[in-house]
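Visitor: Got a structure here, written out as C-alpha coordinates. Questions coming.
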Amino acid sequence: AINALVARAGPPINPIAASAGWTLFGAVLSTPFALASLATGAASLTLPGLFWIGLLAIGPTALAGVLQFMLLREVGPLFVTQTNYLIPPFAVALGVVALGETPSPGALVAFGLIALGLSLAQEAYRPLWRRLTRRPIRPRR
(Lines give C-alpha, C1' and ligand atoms only; values in the text may rest on other atoms or scores of the structure.)
Protein backbone atom coordinates (compact mmCIF):
# COMPACT_ATOMS: atom_id res chain seq x y z
CA ALA A 1 0.00 0.00 0.00
CA ILE A 2 2.84 2.39 0.76
CA ASN A 3 4.45 1.88 -2.63
CA ALA A 4 1.13 2.71 -4.31
CA LEU A 5 0.95 6.06 -2.57
CA VAL A 6 4.63 6.86 -3.09
CA ALA A 7 4.47 5.91 -6.77
CA ARG A 8 1.43 8.07 -7.41
CA ALA A 9 2.48 11.09 -5.35
CA GLY A 10 6.14 11.10 -6.31
CA PRO A 11 7.81 12.29 -9.46
CA PRO A 12 7.59 10.15 -12.59
CA ILE A 13 9.98 7.23 -12.29
CA ASN A 14 10.91 4.35 -14.52
CA PRO A 15 8.80 1.30 -13.45
CA ILE A 16 11.84 -0.98 -13.77
CA ALA A 17 13.90 1.24 -11.45
CA ALA A 18 11.02 1.51 -8.97
CA SER A 19 10.47 -2.24 -8.94
CA ALA A 20 14.19 -2.88 -8.54
CA GLY A 21 14.31 -0.48 -5.60
CA TRP A 22 11.36 -2.06 -3.81
CA THR A 23 12.68 -5.58 -4.49
CA LEU A 24 16.12 -4.63 -3.16
CA PHE A 25 14.53 -3.00 -0.12
CA GLY A 26 12.59 -6.22 0.60
CA ALA A 27 15.71 -8.33 0.14
CA VAL A 28 17.69 -6.18 2.56
CA LEU A 29 14.91 -6.35 5.17
CA SER A 30 14.52 -10.13 4.88
CA THR A 31 18.25 -11.00 4.85
CA PRO A 32 18.70 -10.97 8.66
CA PHE A 33 15.80 -13.41 9.04
CA ALA A 34 17.22 -15.70 6.37
CA LEU A 35 20.64 -15.65 8.01
CA ALA A 36 19.10 -16.36 11.42
CA SER A 37 17.22 -19.37 10.06
CA LEU A 38 20.44 -20.67 8.47
CA ALA A 39 22.34 -20.17 11.74
CA THR A 40 19.76 -22.04 13.80
CA GLY A 41 19.50 -24.90 11.31
CA ALA A 42 15.86 -24.17 10.52
CA ALA A 43 16.80 -23.89 6.83
CA SER A 44 19.61 -25.14 4.63
CA LEU A 45 21.22 -23.61 1.56
CA THR A 46 21.12 -25.84 -1.53
CA LEU A 47 21.69 -25.17 -5.21
CA PRO A 48 18.10 -26.04 -6.20
CA GLY A 49 16.85 -23.83 -3.37
CA LEU A 50 18.93 -20.90 -4.62
CA PHE A 51 17.63 -21.49 -8.15
CA TRP A 52 14.00 -21.34 -7.01
CA ILE A 53 14.65 -18.26 -4.86
CA GLY A 54 16.18 -16.54 -7.88
CA LEU A 55 13.29 -17.57 -10.10
CA LEU A 56 10.78 -16.24 -7.57
CA ALA A 57 12.74 -13.00 -7.27
CA ILE A 58 12.66 -12.41 -11.02
CA GLY A 59 9.17 -13.62 -11.91
CA PRO A 60 6.41 -12.93 -9.45
CA THR A 61 8.38 -10.32 -7.53
CA ALA A 62 10.33 -8.12 -9.95
CA LEU A 63 8.16 -8.48 -13.06
CA ALA A 64 4.97 -8.11 -11.05
CA GLY A 65 6.47 -5.01 -9.44
CA VAL A 66 7.13 -3.48 -12.86
CA LEU A 67 3.54 -4.17 -13.90
CA GLN A 68 2.22 -2.76 -10.64
CA PHE A 69 4.14 0.50 -11.02
CA MET A 70 2.94 0.82 -14.62
CA LEU A 71 -0.63 0.22 -13.48
CA LEU A 72 -0.28 2.75 -10.66
CA ARG A 73 0.61 5.48 -13.11
CA GLU A 74 -2.33 4.63 -15.34
CA VAL A 75 -5.23 4.06 -12.94
CA GLY A 76 -4.08 5.36 -9.56
CA PRO A 77 -3.41 3.94 -6.11
CA LEU A 78 -7.05 3.46 -5.06
CA PHE A 79 -7.77 0.97 -7.82
CA VAL A 80 -4.48 -0.89 -7.30
CA THR A 81 -4.89 -1.21 -3.53
CA GLN A 82 -8.47 -2.43 -3.98
CA THR A 83 -7.35 -5.07 -6.46
CA ASN A 84 -4.87 -6.32 -3.84
CA TYR A 85 -7.85 -7.34 -1.70
CA LEU A 86 -9.06 -9.61 -4.50
CA ILE A 87 -5.91 -11.74 -4.43
CA PRO A 88 -6.94 -14.01 -1.49
CA PRO A 89 -10.36 -14.97 -2.91
CA PHE A 90 -8.85 -15.74 -6.31
CA ALA A 91 -6.04 -17.74 -4.70
CA VAL A 92 -8.54 -19.86 -2.76
CA ALA A 93 -10.72 -20.27 -5.86
CA LEU A 94 -7.67 -21.43 -7.81
CA GLY A 95 -6.86 -23.89 -5.02
CA VAL A 96 -10.41 -25.26 -5.13
CA VAL A 97 -10.49 -25.59 -8.93
CA ALA A 98 -6.92 -26.69 -9.63
CA LEU A 99 -6.00 -28.60 -6.47
CA GLY A 100 -9.36 -29.80 -5.17
CA GLU A 101 -8.97 -27.96 -1.86
CA THR A 102 -11.91 -27.22 0.41
CA PRO A 103 -12.17 -23.64 1.69
CA SER A 104 -12.50 -23.29 5.44
CA PRO A 105 -15.42 -21.47 7.05
CA GLY A 106 -12.95 -18.76 8.09
CA ALA A 107 -12.02 -18.21 4.44
CA LEU A 108 -15.69 -17.78 3.52
CA VAL A 109 -16.15 -15.24 6.33
CA ALA A 110 -13.01 -13.44 5.14
CA PHE A 111 -14.44 -13.26 1.62
CA GLY A 112 -17.58 -11.65 2.99
CA LEU A 113 -15.52 -9.08 4.89
CA ILE A 114 -13.43 -8.36 1.80
CA ALA A 115 -16.56 -7.87 -0.31
CA LEU A 116 -18.07 -5.60 2.35
CA GLY A 117 -14.88 -3.52 2.56
CA LEU A 118 -14.64 -3.16 -1.20
CA SER A 119 -18.27 -2.11 -1.49
CA LEU A 120 -17.88 0.45 1.31
CA ALA A 121 -14.75 1.84 -0.33
CA GLN A 122 -16.54 2.15 -3.65
CA GLU A 123 -19.51 3.84 -1.98
CA ALA A 124 -17.23 6.33 -0.21
CA TYR A 125 -15.70 7.44 -3.52
CA ARG A 126 -18.92 7.44 -5.53
CA PRO A 127 -19.96 11.02 -4.53
CA LEU A 128 -16.48 12.28 -5.45
CA TRP A 129 -16.65 10.47 -8.78
CA ARG A 130 -20.06 12.01 -9.51
CA ARG A 131 -18.73 15.50 -8.78
CA LEU A 132 -15.69 14.97 -10.99
CA THR A 133 -17.71 13.62 -13.90
CA ARG A 134 -20.72 15.93 -13.63
CA ARG A 135 -21.39 17.79 -16.83
CA PRO A 136 -23.02 21.18 -16.76
CA ILE A 137 -26.61 21.18 -17.89
CA ARG A 138 -27.08 23.26 -21.02
CA PRO A 139 -30.36 25.06 -21.48
CA ARG A 140 -32.49 24.06 -24.47
CA ARG A 141 -33.11 26.54 -27.22
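Visitor: List, in order, the whole-Hz ³J(HN,Hα) value for each residue of region 11-21 obtained from phi through the Karplus relation with A = 6.51, B = -1.76, C = 1.60 and θ = phi - 60°; use x for Gly and Pro.
Guide: 3J(HN,Hα) across region 11-21, in whole Hz: x, x, 9, 4, x, 5, 5, 5, 5, 4, x.
Visitor: Amide H of residue 85: which non-local residues (sequence gap of 5 or more, or other chain) have their own amide H closer than 5 Å, using H built in the peptide plane?
Guide: Close amide H contacts, sequence-distant or interchain: none at all.
Visitor: Run the accessible area of region 1-106 with a 1.4 Å probe and give the carbon-and-sulfur part as a rounded percent. Present the calculation step by step, with values, prior to reporting the outcome.
Guide: Details: 5930 of 7540 Å².
Looking at region 1-106 in its full context, I get 79 percent from C and S.
Visitor: Output wanted: per-residue J couplings in Hz (rounded whole) for region 24-37, from phi through Karplus 6.51 cos²θ - 1.76 cosθ + 1.60, θ = phi - 60°, x for Gly and Pro.
Guide: 5, 4, x, 5, 5, 5, 8, 4, x, 5, 5, 5, 5, 6
Visitor: OK, next. So, for region 7-72, what is the accessible surface per residue at a probe of 1.4 Å, expressed in square angstrom? Display every interim value, and only then the final one.
Guide: Numbers: 4710 Å² over 66 residues.
With the other protein chains kept in place, region 7-72 gives 71 Å² per residue.
Visitor: Residue-wise, which Karplus ³J(HN,Hα) couplings in Hz belong to region 70-75, taking 6.51 cos²θ - 1.76 cosθ + 1.60, θ = phi - 60°, and x for glycine or proline?
Guide: 3J(HN,Hα) across region 70-75, in whole Hz: 5, 5, 4, 5, 7, 10.
The values are calculated or read from the model by the stated rules, or taken from the named source; none is laboratory data. Worth saying up front: this structure is predicted, and the values here are computed from it rather than measured. Note: accessible area is taken over every heavy atom of the protein model, side chains too, but ligands, DNA and RNA are not part of it. Shrake-Rupley method; radii C 1.70, N 1.55, O 1.52, S 1.80 Å.
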